[in-house]
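For reference, the structure is listed below as structure tokens.
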Amino acid sequence: MLTSNSKEKERSLSFLCCWYLGRRRFAMLLLLSLAFVVFILGSYTINKESNNSPIIHQSIETMDFVSNQTPLSRELSSFYTENSNDDGIRGSDVDIIHPPPSHHHPCDSFSFPPPPPPGLRRPGPRPCPVCYLSPEEALAHMPKHPFESPVLKNLTYIHEESPVKREEEGQGGSEFGGYPSLEDRTNSFDIKESMTVHCGFVKGTKPGHQTGFEIDEDILPELDQFHDVIVASAIFGKYDIIQEPVNISEMARNNIPFYMFIDEETHSYLKNTSRYSDDNKRVGLWTIIVVHNVPYTDARRNGKIPKLLLHRLFPNVRYSIWLDAKLQLVVDPYQILERFLWRTNSSIAMSRHYRRFDVFVEAEANKAARKYDNASIDYQVEFYKKEGLTPYTDAKLPITSDVPEGCTIIREHIPITNLFTCVWFNEVDRFTSRDQLSFAIARDKIREKVDWSINMFLDCERRNFVKQVYHRDVLMNMKPPRASSSSRVLPEPLTLPRGKAGGGRAAGGKKIPGQRGKRRHRKVSAGGRNMR
């Protein structure tokens with residue numbers, strides 16, 4: 001009887017276990033089935049929405065506060081969401097005009113790769129890929145005729161030997177700029193076929209001669225020579241170190257002059273280096289042009305003269321590439337011009353700021369960084385508000401930004417671009433030297449009158465053709481870089497005094513750094529024997 005009872009108990013237990021496990025398996029299968037159905041339905045819904053819904057433009061505020069995004073991924077995200085369309089990629093204020101199918105461009109099929117996974121992203125802005133033609137192919141794409149200047153055909157400049165500042169009007173400006181009145185400023189935005197405007201150099205017979213921005217007499221004839229392309233930069237107040245361009249083709253070296261404007265302070269500093277000689281006035285590819293009697297006490301404001309008024313210094317140049325002195329050119333100039341001007345059918349191009357799109361946000365950033373006194377920035381911004389400047393929103397599309405990263409300017413010297421840089425300089429002369437604050441107002445007032453645009457490309461594309469370095473004062477104060485682990489020279493081990501070997505202490509009982517005594521060594525030795 002005991003045996004039969006035990007068998008019945010075993011059978012009942014086995015039945016209960018099978019029943020319980022069967023229910024668990026059934027529940028697991030049911031849950032897996034439900035999950036699979038939800039996954040299928042979700043995938044179908046997402047695909048349906050992505051195929052049928054229009055492109056949604058992501059707001060600037062949303063992009064700025066997306067979590068776990070680097071500045072580059074935000075920039076590329078805005079590029080994909082704002083500028084993708086069925087006809088091709090458009091990353092600027094102007095539509096890229098694709099050539100007919102019979103004239104296939106080698107870069108037509110190029111597109112940005114997807115952003116890297118979150119774990120592989122490097123913080124901070126960095127370059128992104130750009131499709132260039134070879135320098136020879138790029139030069140072959142140079143337009144035979146100038147870009148047509150809308151409405152404006154003839155632009156001349158005001159000359160006045162003794163400009164007078166009318167304090168009652170409360171306008172700013174300088175003697176170098178001619179003290180344009182507010183009425184003069186308004187008239188400069190009234191685009192006509194023929195115009196005469198203030199554009200610096202109001203005194204003297206020609207730019208660089210008795211104008212307050214003096215250039216040596218032996219250099220002036222060279223500025224009047226004709227060139228298809230020039231590259232220019234400037235250092236004032238010995239603020240930067242001259243950067244030698246690299247990857248420049250032999251064709252560009254022979255045909256494109258590189259000009260570096262410096263003031264007397266920078267010239268004195270440069271003469272003490274072995275890279276410069278007054279005999280040939282050259283540093284590598286750069287021809288050095290010394291400027292005397294600079295009009296401003298602010299070195300940054302002096303630097304805006306060649307930057308924005310390059311067409312006045314070089315009246316017979318067709319194309320120019322401006323680089324701030326903190327940049328090193330690493331791509332051939334012909335390739336840059338083909339990519340950002342000729343391929344996009346543009347007359348002027350510069351990159352937009354990689355993070356800030358709004359003038360008012362840029363103004364607050366300038367105040368926080370103490371780049372100019374706050375009262376002057378506030379006055380300038382309030383002045384622009386009264387003139388109708390509004391914060392940047394998607395409603396301004398196809399304009400993609402109100403804030404440029406203005407350290408590079410690529411342009412063709414035609415009347416409309418010359419007018420734009422003139423009125424832009426007048427804003428810098430009247431208000432603060434922060435040209436990023438005055439860019440949008442100068443651009444928009446011209447666009448109100450004529451059909452004209454600026455190619456504002458991604459800043460990561462700019463970082464592809466220039467390498468950014470620190471200003472000279474920062475470089476001088478930086479600590480020398482630490483040697484890499486592969487080249488690091490290790491110090492020689494300390495020699496123990498005789499009679500104290502293995503004790504971990506030198507004469508006098510002082511402990512030797514890095515030594516732990518006999519007990520540690522015995523443990524290591526024992527471990528070694530066990531391993532063997």
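Suppose all protein chains stay in the model; what accessible area per residue would a 1.4 Å probe give for the stretch 191-322, in Å²?
Details: 5330 Å² over 132 residues.
On a per-residue basis, 40 Å².
Leaving ligands, DNA and RNA out of it, rank TRP342, TRP322 by accessible area with a 1.4 Å probe, largest first.
Listed by decreasing accessible area, they come as TRP342, TRP322.
Counting other Cβ atoms within 10 Å, which chymotrypsin sites (Phe, Trp or Tyr not before Pro) in the stretch 174-275 have at most 15 and lie in a DSSP loop?
Sparse-neighbourhood loop chymotrypsin sites (Phe, Trp or Tyr not before Pro): PHE226.
Rounded to whole Hz and in sequence order, give me ³J(HN,Hα) for the stretch 180-188 from the Karplus expression 6.51 cos²θ - 1.76 cosθ + 1.60, θ = phi - 60°, writing x for Gly and Pro.
Values, residue by residue: x, 6, 5, 5, 4, 4, 4, 5, 5 Hz.
For the stretch 185-286, what is the convex hull volume of its Cα atoms per residue in Å³? List each step's numbers first, then the result.
Details: hull volume 17.5 nm³, N = 102.
Dividing the Cα hull volume of the stretch 185-286 by its residue count gives 172 Å³.
Which residues' amide hydrogens lie under 5 Å from the amide hydrogen of TYR157, considering only partners 5 or more residues apart or on another chain, with H built in the peptide plane?
Amide H neighbours of TYR157, under 5 Å, 5+ apart: VAL197.
Holding the Cα-Cα limit at 28 Å, pick out from LYS396/LYS467; LYS153/LYS386; LYS203/LYS449; LYS281/LYS307 the pairs that are longer than that. Walk me through the intermediate numbers first.
Details: LYS396/LYS467 31 Å; LYS153/LYS386 31 Å; LYS203/LYS449 30 Å; LYS281/LYS307 21 Å.
Beyond 28 Å between Cα atoms: LYS396/LYS467; LYS153/LYS386; LYS203/LYS449.
Average projected area of the Cα convex hull of the stretch 205-346, in nm²?
Averaged projected area of the stretch 205-346's Cα convex hull equals 8.6 nm².
With a/c under 1.5 counting as rounded, go ahead and sort the stretch 249-306 into rounded, prolate or oblate using the C-alpha gyration tensor (a ≥ b ≥ c being the square roots of the eigenvalues; past the cut-off, prolate if a/b is larger than b/c, else oblate).
Working: a/c = 2.94, a/b = 1.47, b/c = 2.00.
In terms of gyration-tensor shape, oblate.
Using the Cα gyration tensor of the stretch 170-231, with a ≥ b ≥ c the square roots of its eigenvalues, what is the shape: rounded (a/c below 1.5), prolate (a/b larger than b/c) or oblate (neither)?
It comes out oblate by the Cα gyration axes.
With no solvent and one equal point scatterer placed on each C-alpha of the stretch 409-459, evaluate the Debye formula and give log10 I(q)/I(0) for q = 0.17, 0.21 Å⁻¹, two decimals.
Normalising to I(0) and taking log10 leaves -0.53, -0.80.
The values are calculated or read from the model by the stated rules, or taken from the named source; none is laboratory data. On a predicted model such as this, the values are computed, not experimentally measured, just so you know. Note: ideal-geometry Cβ built from the backbone for every residue, glycine included; neighbour counts use all protein chains shown. Quick note on the areas: whole protein, heavy atoms, side chains included, nothing else; ligands and nucleic acids left out. Shrake-Rupley method; radii C 1.70, N 1.55, O 1.52, S 1.80 Å.
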